[in-house]
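**Q** Have a look at the structure that comes next, please.
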Amino acid sequence: MTDPLLSVRDLHVQFNTDEGTVRAVDGVSFDVARGETVCVVGESGSGKTVACESITKLIPMPPGEIAGGEILFDGEDLTEASEKRLEDIRGGRIAHVFQNPQSALNPVYPVGAQIVEAIRLHRDVSKEAARDRAIDLLDRVGIPEATARIDDYPHEFSGGMKQRVVIAMALAADPDLLIADEPTTALDVTIQAQILRLLRDLQDEFGMSIVFVTHDLGVVAEIADRVVVMYSGKVMETGPVYDVFEQPSHPYTKALLGCLPGQGKSMEPIGGTLPDPKNPPAGCRFHPRCPHATTDCRTGDHPELLDVGTDHEAACVYYGPGYDASVIRGDAVSESTAADGGSEGGTPGDASKSGGDDR
Ligand SMILES: Nc1ncnc2c1ncn2[C@@H]1O[C@H](COP(=O)(O)OP(=O)(O)OP(=O)(O)O)[C@@H](O)[C@H]1O
Ligand code: NI
C-alpha cells in the first residue's frame, strides 16, 4: 500500500478564550488515501470543521492554536509550514468548498474572472488559455451554456449553480485534495443529489481525494469510502463505510445510526447534550449519554481506538480485555466469539443478563 495522501496524527487544536481553553480537537488521527472519499460525521460542535480547517490553517489564530500533532500532506508536515507555503497549498493542492457558496465568491466580479484568477494564481498560463479552461470547468460542473455565462455575476446564478461555480473554482488548480464542509446543506434536496453526483464524477475524472463533512448519513452512504465519527473533539469510530453502517461498533455511532429514521434524513439529537468543550468529563467523552457506561468509562483518559475489524476501529473499553463486546455489537460479534472457540456457551454467569434474576 502506498502512503496516504493525508495523515492527521494526534492533532490537538484549541481556542484560547477569556472564558477558558476550548479543546475543539483533542487528539484526532485519521488518514485519507489517494482517490478516496472520507466522510467526517458527528453532532454539531464535535470539532469537524475545526479539524478540517486546521489542515491548511484556515482557523483564526489567535484565538485558535494548533497545540500538538502532525498533519502530513504528501509527506510534508503542514503544522510546520510557513504562511507562504500554505498559501501555495491552499487552492493549489488542497481546495476548500464551504457550506455557503456566497462566501467564496466576490459579488463585484464576474464568475469567469474569479475562476481565471484562481487558475493563474497557481499556473503560469495566458489569460486566454485560463479563460478557455474556466469555460471548460464551468461546463464540466454542469453550468449550461458556460461560454455565454462566464461573464455573469454571482447574483445571476441560483444557489445550486453558485455552488457549482465554487466547485469549478476549487478544481481550477487540479487539487489533490478537496475538503468540502457541508457543501450541500444549504441547497434543496434535488440540487444536493446533483452536486453529490457531480463530485463523484469529478473524482473519477480528476482522481482527487475528498474529505467531506456532513450531518447527513444518507449523504455518507452515498459518497463515502470511509467514515470518521467525531464526538467532543475525539474520533469515536472509523472504518470503511459499509462496515460502519453494517456493524456500528461504538455506542455513539449506534446512537447516530439509530437516529436515522429514513434514508437521507439528518441525525436527530441523541438524549443529552455534547459536553462542555472547556470542561469535558473524565473517561470516555460519551459516558454521560451512554447506556453501557461502566466505572472504567467514567474515569481516566478517553479510551484508545481499538481494532474491531479490518481497518475498523472504535474508542470503547468494551473492545478491551475483560469486556464482552457483544453487549455493544449484538449478535454478529457473539457469532465471531463463538467461532473463536465457543466462548458463547462458556461465558459464565453472563453478568449482562443478571437483570433477569427477579423472575
Ligand atoms: N473561533 C472560535 N473560538 C472559540 N471556540 C470555537 C471557535 N471555533 C470553533 N469553536 C469551538 O470548537 C468546537 C468545535 O466546533 P466545530 O465548528 O468544529 O464543530 P462542528 O463539528 O463543525 O459543528 P457543526 O456541525 O455545527 O458545523 C465548538 O465547541 C466550537 O464552539
Ligand atoms: Ni462544522
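Here, each number is a calculation from the coordinates, and none is a lab measurement. Computed from a prediction, not measured in an experiment: that's the story for all the values here. Neighbour counts are summed over all protein chains in view; Cβ atoms, including those assigned to glycine, are modelled from backbone coordinates with ideal geometry.
**Q** What percentage of all Cα-Cα pairs in the stretch 102-174 are separated by more than 19 Å? Could the numbers behind the result be given before it?
**A** Working: 541 of 2628 pairs.
Pairs farther apart than 19 Å: 21 percent.
**Q** Could you work out the relative contact order of the chain? I mean the mean sequence separation of Cα pairs under 8 Å and 6+ apart, divided by the number of residues, in percent. Spell out each step's value before the answer.
**A** Values: 633 pairs, mean separation 63.2, N = 359.
Averaging sequence separation for qualifying contacts and normalising by length gives 18 percent for the chain.
**Q** Restricting to lysines 8 or more places apart or on different chains, can you count the pairs in the chain with Cα atoms under 16 Å from each other?
**A** 5
**Q** Another question, if that's okay. Could you check the simple spin-label distance between Glu87 and Asp311, using points 7 Å along Cα→Cβ, in nm with one decimal?
**A** Distance between the two pseudo-spin positions: 3.8 nm.
**Q** Select from Gly233, Thr21, Pro248 the residue farthest towards the positive end of the dipole of the chain; place +1 on Cβ of Lys and Arg, -1 on Cβ of Asp and Glu, and compute about the Cα centre.
**A** Thr21
**Q** Continuing with the same structure: Stretch Tyr153-Asp3 to full length: gain in nm at 0.36 nm per residue minus the Cα-Cα span?
**A** Numbers: separation 150, 0.36 × 150 = 54.00 nm, distance 4.18 nm.
Full-extension gain reported as 49.8 nm.
**Q** Starting at 0 and stepping by 5 Å, how many percent of the alpha carbon pairs of the stretch 1-67 end up in each bin?
**A** P(r) for the stretch 1-67, in whole percents per bin: 4, 16, 26, 24, 16, 8, 4, 2, 1, 0.
**Q** Over the chain, what is the percentage of antiparallel beta bridges among all DSSP beta bridges, to the nearest 5? Mind showing how you got there, number by number?
**A** Details: 32 of 50 bridges.
Here the share of antiparallel DSSP bridges comes out near 65 percent.
**Q** Can you find, among Ile167, Leu138, His155, the residue farthest towards the positive end of the dipole of the stretch 102-174? Put +1 on the C-beta of Lys and Arg, -1 on that of Asp and Glu.
**A** Ranked along the dipole, the leading option is Ile167.
**Q** I want to verify the translational diffusion coefficient of the stretch 68-131 in µm²/s; compute it with Stokes-Einstein, Rh as the Kirkwood radius over Cα pairs, at 20 °C and 1.002 mPa s. Each step should come with its number before you reach the end.
**A** Details: Rh = 13.8 Å.
The calculation lands on 155 µm²/s.
**Q** Further question: How many times 2.2 N^0.38 Å is the alpha carbon radius of gyration of the stretch 21-169?
**A** 1.18
**Q** Another question, then. Label Tyr109 and Ala193 with points 7 Å out from Cα along Cα→Cβ: what is the distance between them in nm?
**A** 3.6
**Q** Within the P(r) computed for the chain, what percentage of the Cα pairs occupies the region above 34 Å?
**A** Values: 20736 of 64261 pairs.
Distances greater than 34 Å cover 32 percent of the Cα pairs.
**Q** Please state the charge dipole magnitude for the stretch 102-174, taken about the Cα centre, from unit charges on C-beta atoms (+1 on K and R, -1 on D and E), reported in debye and rounded to the nearest 20. Don't skip to the end; give the middle numbers.
**A** Details: 9 positive and 11 negative charges, 33 e Å.
In debye, rounded to 20, the stretch 102-174 gives about 160.
**Q** Between Gly320, Gly272, Gly207, which gets the highest mean-square fluctuation from a Gaussian network model of the chain, Cα cutoff 10 Å?
**A** Gly272
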